[in-house]
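A.B. asks: There's a structure below that I have some questions on.
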Amino acid sequence: MLDAERRPGELTPPAPGGPQPQRMDGERRPAPAWAPWTAPVALVAGLVLAALGGLLVDVPALALGAKITSSHTPPGLAIANTFVQDVAFVVAAVYCARLGGRVASAWQFGLRPPASGWRSAAKLIALLLLGFVVLSAAWTAVFHPSEEKLLEKLGSDEGTLLLLLSAGLTCVVAPICEEILFRGFIFAALRNWRGTLPAALITGLLFGGVHAGSAPALDLVPLAVLGFALCLLYQRTGSLYPCIVAHSLNNSIAFAALENWGWQVPVLVVGALAGIWAVVYAAKRIGLIAPETSVVGPAA
């Protein structure tokens, strides 16, 4: 029988040395029992690693004669710094998932197929994006936030190579890495504290706040709402892949809007989704993403 003080979805603790317990997500699939306190640790660690990684990029560049000031970073270096930041998020998430000698597997971060299938997940993605587009349009009409300057900093208008790198970074790399940290780890850990809605709210606020350096201040509220909605999408599908796709589609739409694109929009969308598929395929081929298993390591 289940202990009266244990929440629904938790299994009876095993005997010492036996298989460890698992919680179940909203689709009754195994979910990691990460301690809630590891969520803020992962965020701080990600930001610290991002800053240190930026120094590893910038210091050699300065030694080679690059001109970096507090208000200007050469586009190539800005892309490299942002890429390092995104990778740092993944490193921090994996490190915190392994605290206490745990075994961290890709499926624990939600890197597994949607429980109810891709057709159902696609409908939820479309609904999420439609709602966010409507919210963003209303928010812009009322508050008139300034135009985002991220692509200008990345130098997307300074040549084809920088444009392609900016698109790949914004629409492929960032969605994968940010989703692994925020939905795959932070939300999953906080969910073990007070449940889904408080965890989604906190994660959404953190997701909006971390964009303070790249997005106008007034845009942080819609971004927090997007972060909240992505948490609910993850909870509903039991998979991080729909969140990555939704995140990528949103970034692709925003990228195309800032570039004033027309016919290039579907090209960007298809290219971004193909890029995500290629990354996932490569990760599976080299064993970084393996099939779901039944034991998650030491209990919290």
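A.B. asks: Hey, if we sort I276, I253 by accessible area with the 1.4 Å probe, largest down, what's the order?
C.D. replies: Working: I276 15, I253 85 Å².
Descending order: I253, I276.
A.B. asks: In a GNM of the chain with a 10 Å cut-off on Cα contacts, which of F255, F228, F143 has the highest mean-square fluctuation?
C.D. replies: Taking springs between Cα atoms under 10 Å, the residue moving most is F143.
A.B. asks: Using a Förster distance of 51 angstrom, determine the FRET efficiency expected from the C-beta separation of V221 and V103, and round it to 0.05. Intermediate results must be reported in sequence, preceding the final value.
C.D. replies: Details: r = 38 Å, r/R0 = 0.75.
About 0.85, to the nearest 0.05.
A.B. asks: Something else: Net charge around P222, counting only other residues with Cβ within less than 15 Å of its Cβ (Lys, Arg = +1; Asp, Glu = -1)?
C.D. replies: Around P222, the charge tally is -3.
A.B. asks: With no solvent and one point per C-alpha, what does the Debye sum give as log10 I(q)/I(0) for the range 194-277 at q = 0.11, 0.12, 0.14 Å⁻¹?
C.D. replies: -0.35, -0.41, -0.55
A.B. asks: Can I ask one more? Quick one: accessible surface of S214, probe radius 1.4 Å, all protein chains present, in square angstrom to the nearest 10.
C.D. replies: The accessible area comes out at roughly 40 Å².
A.B. asks: How much accessible area does S71 have with a 1.4 Å probe, in Å² rounded to the nearest 10?
C.D. replies: The accessible area comes out at roughly 110 Å².
A.B. asks: Could you bin all the Cα-Cα distances of the range 52-170 into 5 Å bins starting at 0 and give me the percent of pairs in each, rounded to whole numbers?
C.D. replies: Each 5 Å bin holds this share of Cα pairs: 2, 8, 11, 11, 14, 16, 15, 13, 7, 2, 0.
A.B. asks: Could you list which residues have their amide H under 5 Å from that of A31, counting only those 5 or more apart in sequence or on another chain, with H placed in the peptide plane?
C.D. replies: R23, M24, D25
A.B. asks: Which length gain, in nm to one decimal place, applies between V48 and A138 when the Cα-Cα distance is subtracted from 0.36 nm times their residue separation?
C.D. replies: 28.9 nm
A.B. asks: Multiply the residue separation of K67 and L127 by 0.36 nm, subtract the distance between their alpha-carbon atoms, and state the gained length in nm to one decimal.
C.D. replies: In short, 17.1 nm is gained.
A.B. asks: Continuing with the same structure: Count charges around L128 for me, please; just the other residues with Cβ under 14 Å from its Cβ, Lys/Arg as +1, Asp/Glu as -1.
C.D. replies: Charge balance near L128 sits at +2.
A.B. asks: Compute the helix-to-body angle for 196-209: its Cα long axis versus the longest principal axis of the chain, expressed 0 to 90° and rounded to tens.
C.D. replies: 20
A.B. asks: How many percent of the accessible area of the chain is carbon or sulfur, using a 1.4 Å probe?
C.D. replies: Working: 10510 of 15070 Å².
In the chain, the share of accessible area belonging to carbon and sulfur is 70 percent.
A.B. asks: For H72, H247, H211, H144, give me the order by solvent-accessible area with a 1.4 Å probe, most accessible first, ignoring ligands, DNA and RNA.
C.D. replies: Final ranking, largest accessible area leading: H144, H72, H211, H247.
A.B. asks: Between the range 141-181 and the range 66-139, what is the C-alpha centre distance in whole Å?
C.D. replies: Comparing the Cα centres of the range 141-181 and the range 66-139, I get a distance of 13 Å.
A.B. asks: Under a point spin-label approximation (7 Å from Cα along Cα-to-Cβ), what is the E158-A282 distance to one decimal in nm?
C.D. replies: Using points 7 Å along Cα→Cβ, the separation is 2.5 nm.
A.B. asks: Just the projected area, averaged over all directions, of the convex hull on the alpha carbon atoms of the range 32-72: how many nm²?
C.D. replies: Over all viewing directions, the range 32-72 projects a mean Cα-hull area of 4.0 nm².
A.B. asks: Q264 label point, 7 Å along Cα→Cβ, cut-off 18 Å on backbone N: hits in the range 127-171?
C.D. replies: 148-171
A.B. asks: Could you tell me what a quarter of the Cα convex hull surface of the range 141-219 works out to, in nm² with one decimal place?
C.D. replies: 6.4
A.B. asks: Also, I was wondering about something else. Rg/Rh for the chain to two decimals, with Rh computed the Kirkwood way over all alpha-carbon pairs. Display every interim value, and only then the final one.
C.D. replies: Details: Rg = 19.8 Å, Rh = 20.2 Å.
Answer for the chain: 0.98.
The values are calculated or read from the model by the stated rules, or taken from the named source; none is laboratory data. Computed from a prediction, not measured in an experiment: that's the story for all the values here. A quick note on method: Cβ atoms are made from the backbone with ideal geometry, for glycine too, and the neighbour counts reach across all protein chains shown. These accessible areas exclude ligands, DNA and RNA; they are computed on the full protein's heavy atoms, side chains included. Shrake-Rupley method; radii C 1.70, N 1.55, O 1.52, S 1.80 Å.
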